[in-house]
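Colleague: Here it is, the structure, as structure tokens.
The values are calculated or read from the model by the stated rules, or taken from the named source; none is laboratory data. Please read these numbers as outputs of a predicted model, since none were measured by experiment. Note that we place each Cβ from the backbone using ideal geometry, even for glycine, and neighbour counts take in every protein chain shown.
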């Protein structure tokens, strides 16, 4: 019964347009009343609306806007002269308006120009897709490369600080030339460093697990008791040199120049704490005598 | 006390002299005629009174037959042997030791040793052209007692010292006295230990770098500065108070690197070190360096912590090697404490005491080295402030954290890591803490190792251990453990004076094969395989060595930043 009433209603409404070889489309928006309705790009009213439409193929577009976001419905309809149609509209999920997209692209561009790596990557994509910015494969490439260069710089810093994943990343980058000038020797060098650091990390993790079970209680105790015990040794020179004892006890590892370590360890406190002291001057002189040596003490002394 | 424990803490001073003994038996055998004739040549330049006394003694001893053994010897040796023979049998007062010689001998060779024969020394002085270079203290005495113009021979430019380095053992360091820009009296402030309750006193040779004698360059050349100080040779693992009071420990004039001494006192024990320049002209400095070298190679006396200690022995050495000191009224007292001796010299005309008037100025100019405690505490605070959640409150707390955990904590604290990479001052502070951990754990390792080696007594038990090893392990055990221990276990030897290069005994070293990773592994396996009551101590030592190795790894990582 309801269907009969609806068809009769449409027929009555369509009668006045019959003479123009047109028909009528009833657009209904259940959840988005008030959305603008366009037929072939022309605003025809707010949803719900009954709108005349020419026979043939027509484009129906319904749009609702709130702030920077809009919801859209688009459909192509086949209109038959004198035959009314009914369209139930369900709008899309909210999405940025073209204006907002352009504004966001502008902000990203500004951030990218300020050195933000994520923004660089986004701007590159925007140029690639022509979203918010005029499509430009050249500019897309420019920003992609710039982003990779900046990213490589950051990763290099991390690698220099001992981050193993970053060392591996740098090895790959030098191998492929991603963000850096391609270099087989640097790729190899970082690869070796990464491998050695990874091994060291594993060994340390293993030791840490062992030590976690027995948190070197004896060693802790030693540092509690230092003082009296140490005195008698320091008052009498020891014949067996430290390096002999240390080599004997420790498992073979990379050798360490203990004299150099001890010299630097002895010079550093006063160099750091009192750069005006004779000890600091000795540090400076040491560096001057061996300019090739990488001696961080010099910095503290100058400071 | 077993031999290995002795080896571990025995000093490395080497050399040997079997002192002559004055023979006063009634029968006097004849002397060689050829030797007597050759001796005449040596006596040409000798003061006439002395020559006459010798001739009188010699002629009375001429034999009817010639001693064949003496005939074969080289000329100077023949002459010296004949002269020695004459002198050791004489009763002529002019040819016998006097009180002054006795006093010198006690300072140069030590009373506890058999006294070197006056006869042997005088024979050497009259017949050996290099006697003045080898035994400058006695040579100067003879020069005073028997003045002569033509006996001195120019000495080689460099004087050797056996300088101890706690990390690498002893090394011979050759010092040209002309490179010694000044000599300072060093004083390390007191500590809680019995041995250092009144401080410690020594001398510091301010050695210029080769080819540069600019004062400021010499002063800052700290790595080459050498200290000379009398120390007890405590040949056991803990200080025996009774022995210390009874003078049962031996004393030697040890040479050390200044930086080792600085590390020991200013860092290891947080003591202050004062360095007082003595007023010496170039001639006096050279004389002092050569005569101290003489004592360094020859002296072995008793050490008693109250009556024959670093202060009293130093006074004696200064009295003979520095005439101004011997003559100065203000330092006439017998100073039993290092602090008293230091104060007396500081306020006398013998030293530039005013250099210590302002400690700030003194620290800048190298006359005062402050305790580093405050620097470490400041560094610790700076690092604590930089870290999000520091797990330590003080230096001891820092040392008690597993170095791997310390590394992990830094890596986990991204903000701190970033600051460490960017802020050199903070990074230096962090480096200081890791280096402190290395120095401290190194000391503990040596103490614990000494305890272990003493109990294991490898030399004593070597046969038992070797019996359980295969050929490869036994070979490494012998070459890389027992041999070095035997080398270091040699008793402290004394030479008959300042040696020339060819007279210096070979320093103990390790065979090159022992440095290979394979050898070290085999040796490690050998010791780890010994299962007895001390195996637990070995495990503790390995743990300590890992602590040290991980601290070094932390250091390397921080330096790479």
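Colleague: Sort out which residues of the stretch A:19-41 are closer than 24 Å to residue A:101 by Cβ and modelled with pLDDT of 90 or more, and write them in order of number.
Modeller: A:35, A:36, A:37, A:38, A:41
Colleague: Can you say whether residue B:200 is facing another protein chain (nearest Cβ under 9 Å), modelled with pLDDT under 95, surrounded by fewer than 23 Cβ atoms within 10 Å (Cβ to Cβ) and in contact with a strand residue (DSSP E or B) (Cβ under 6 Å, 6 or more places away or on another chain), as far as the supplied structure shows? Explain how you work it out, then say what you get.
Modeller: Values: facing another protein chain (nearest Cβ under 9 Å): yes; modelled with pLDDT under 95: yes; surrounded by fewer than 23 Cβ atoms within 10 Å (Cβ to Cβ): no; in contact with a strand residue (DSSP E or B) (Cβ under 6 Å, 6 or more places away or on another chain): yes.
Against the criterion (facing another protein chain (nearest Cβ under 9 Å), modelled with pLDDT under 95, surrounded by fewer than 23 Cβ atoms within 10 Å (Cβ to Cβ) and in contact with a strand residue (DSSP E or B) (Cβ under 6 Å, 6 or more places away or on another chain)), residue B:200 does not qualify.
Colleague: Still on this model: Examine the stretch B:455-465 for a residue that is outside any helix (DSSP H, G or I), in the same structural domain as residue B:544 (by TED's automatic domain parsing), closer than 30 Å to residue A:283 by Cα and free of Cβ contacts under 8 Å to residues at least 40 places away in the same chain, and state whether such a residue exists. Walk me through it before giving the result.
Modeller: Just the residues of the stretch B:455-465 that are outside any helix (DSSP H, G or I), to begin with: B:457-461.
With the extra rule that they be in the same structural domain as residue B:544 (by TED's automatic domain parsing), the set shrinks to B:457-461.
Keeping just the survivors that are closer than 30 Å to residue A:283 by Cα gives none.
Looking for residues that are outside any helix (DSSP H, G or I), in the same structural domain as residue B:544 (by TED's automatic domain parsing), closer than 30 Å to residue A:283 by Cα and free of Cβ contacts under 8 Å to residues at least 40 places away in the same chain, one finds none in the stretch B:455-465, hence no.
Colleague: Right, here's the next one. Please enumerate the residues belonging to the stretch A:79-94 that are in a strand (DSSP E or B) and out of contact with any strand residue (DSSP E or B) (no Cβ under 6 Å at 6 or more places or on another chain).
Modeller: First, pick out the residues of the stretch A:79-94 that are in a strand (DSSP E or B): A:79-80, A:83, A:85-89.
Correct list: A:80 only.
Colleague: Is there a residue being under 14 Å from the mean Cα position of the chain (by Cα), within 22 Å of residue B:414 (Cα to Cα) and either surrounded by 15 or more Cβ atoms within 10 Å (Cβ to Cβ) or within 14 Å of chain B (Cβ to nearest Cβ) (or both) anywhere in the stretch A:171-194? Let's see the steps before the verdict.
Modeller: The first filter runs over the stretch A:171-194 and keeps only residues under 14 Å from the mean Cα position of the chain (by Cα), leaving none.
No: the stretch A:171-194 contains no residue that is under 14 Å from the mean Cα position of the chain (by Cα), within 22 Å of residue B:414 (Cα to Cα) and either surrounded by 15 or more Cβ atoms within 10 Å (Cβ to Cβ) or within 14 Å of chain B (Cβ to nearest Cβ) (or both).
Colleague: Okay, moving on. Do we have any residue at all in the stretch B:485-496 that's crowded, with 17+ Cβ neighbours inside 10 Å and without any contact (Cβ under 8 Å) to a residue 60 or more places away in the chain?
Modeller: yes
Okay, residues lined up against (1) within 22 Å of residue B:189 (Cα to Cα); (2) in contact with a strand residue (DSSP E or B) (Cβ under 9 Å, 6 or more places away or on another chain):
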{"site": "B:344", "(1), (2)": "yes, no"}
{"site": "B:348", "(1), (2)": "yes, no"}
{"site": "B:351", "(1), (2)": "yes, yes"}
{"site": "B:359", "(1), (2)": "yes, yes"}
{"site": "B:366", "(1), (2)": "yes, yes"}
{"site": "B:375", "(1), (2)": "yes, no"}
{"site": "B:379", "(1), (2)": "no, no"}
{"site": "B:384", "(1), (2)": "no, no"}
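Colleague: Sort out which residues of the stretch A:265-278 are under 24 Å from residue B:551 (Cβ atoms) and facing another protein chain (nearest Cβ under 7 Å), and write them in order of number. Walk me through how you get there before you give the answer.
Modeller: Taking the stretch A:265-278 first, the residues under 24 Å from residue B:551 (Cβ atoms) are A:265-273.
Across the stretch A:265-278, the qualifying residues are A:265, A:266, A:268, A:269, A:270, A:272, A:273.
Colleague: Which residues, taken from the stretch B:422-440, are more than 7 Å from every other protein chain (Cβ to nearest Cβ) and part of a helix (DSSP H, G or I)? Working first, answer last.
Modeller: Pass one, the stretch B:422-440, residues more than 7 Å from every other protein chain (Cβ to nearest Cβ): B:422-423, B:426-427, B:430, B:433-434, B:436-437.
Listed by number, the residues that qualify are B:422, B:426, B:427, B:430, B:433, B:434, B:436, B:437.
Colleague: A further question follows. Could you tell me which of the residues B:86, B:70 is more than 23 Å from residue B:136 (Cα to Cα), modelled with pLDDT of 85 or more and touching a helix residue (DSSP H, G or I) at 6+ places or on another chain (Cβ under 6 Å)?
Modeller: Details: B:70 fails: modelled with pLDDT of 85 or more.
Criteria check complete, one pass: B:86.
Colleague: Go through the stretch B:399-409 residue by residue and tally those that are in contact with a helix residue (DSSP H, G or I) (Cβ under 7 Å, 6 or more places away or on another chain) and more than 9 Å from chain A (Cβ to nearest Cβ).
Modeller: 2
Colleague: Additional query: Quick one: count up the residues across the stretch B:168-180 that are buried (at least 20 other Cβ atoms within 10 Å of the Cβ) and under 29 Å from residue A:257 (Cβ atoms). Please lay out each step first, then the result.
Modeller: Just the residues of the stretch B:168-180 that are buried (at least 20 other Cβ atoms within 10 Å of the Cβ), to begin with: B:169-170, B:175, B:177, B:179-180.
In the following step, the residues that additionally are under 29 Å from residue A:257 (Cβ atoms) were identified as B:169-170, B:175, B:179-180.
Matching residues across the stretch B:168-180 total 5.
Colleague: On to the next question. Of the conditions (1) outside any helix (DSSP H, G or I); (2) closer than 24 Å to residue A:186 by Cβ, residue A:135 clears all except one; give me its number.
Modeller: For residue A:135, the failing item is (2).
Colleague: Would you confirm whether any residue within the stretch A:140-147 is surrounded by 15 or more Cβ atoms within 10 Å (Cβ to Cβ) and closer than 22 Å to residue B:421 by Cα? Write out each step before concluding.
Modeller: At the first step, the residues of the stretch A:140-147 found to be surrounded by 15 or more Cβ atoms within 10 Å (Cβ to Cβ) are A:140, A:142-144, A:146-147.
Those still in the list that are closer than 22 Å to residue B:421 by Cα too: none.
No, the stretch A:140-147 contains no residue that is surrounded by 15 or more Cβ atoms within 10 Å (Cβ to Cβ) and closer than 22 Å to residue B:421 by Cα.
Colleague: A further question follows. Only one residue in B:443, B:364 is assigned to a helix (DSSP H, G or I), facing chain A (nearest Cβ under 7 Å) and over 20 Å from residue B:547 (Cβ atoms). Which one? Walk me through how you get there before you give the answer.
Modeller: Working: B:443 fails: over 20 Å from residue B:547 (Cβ atoms).
So the residue among B:443, B:364 that is assigned to a helix (DSSP H, G or I), facing chain A (nearest Cβ under 7 Å) and over 20 Å from residue B:547 (Cβ atoms) is B:364.
Colleague: Among the residues of the stretch B:259-269, are any closer than 15 Å to residue B:162 by Cβ and either in contact (Cβ under 8 Å) with a residue 24 or more places away in the chain or in a helix (DSSP H, G or I) (or both)? Break it down into steps so the answer makes sense when it comes.
Modeller: So in the stretch B:259-269, the residues closer than 15 Å to residue B:162 by Cβ come out as B:260.
Still in the list and also either in contact (Cβ under 8 Å) with a residue 24 or more places away in the chain or in a helix (DSSP H, G or I) (or both): B:260.
For the stretch B:259-269, residues closer than 15 Å to residue B:162 by Cβ and either in contact (Cβ under 8 Å) with a residue 24 or more places away in the chain or in a helix (DSSP H, G or I) (or both): present.
Colleague: What number of residues within the stretch A:160-170 are assigned to a helix (DSSP H, G or I), more than 17 Å from the chain's Cα centre (by Cα) and either under 10 Å from residue A:197 (Cβ atoms) or away from every other protein chain (no Cβ under 14 Å) (or both)? Explain how you work it out, then say what you get.
Modeller: Going through the stretch A:160-170, the residues assigned to a helix (DSSP H, G or I) turn out to be A:160, A:164-170.
When the remaining residues are screened for being more than 17 Å from the chain's Cα centre (by Cα), the result is A:160, A:164, A:167-168.
Next, from what is left, pick out any that are either under 10 Å from residue A:197 (Cβ atoms) or away from every other protein chain (no Cβ under 14 Å) (or both): A:164, A:167-168.
Total meeting the criteria: 3.
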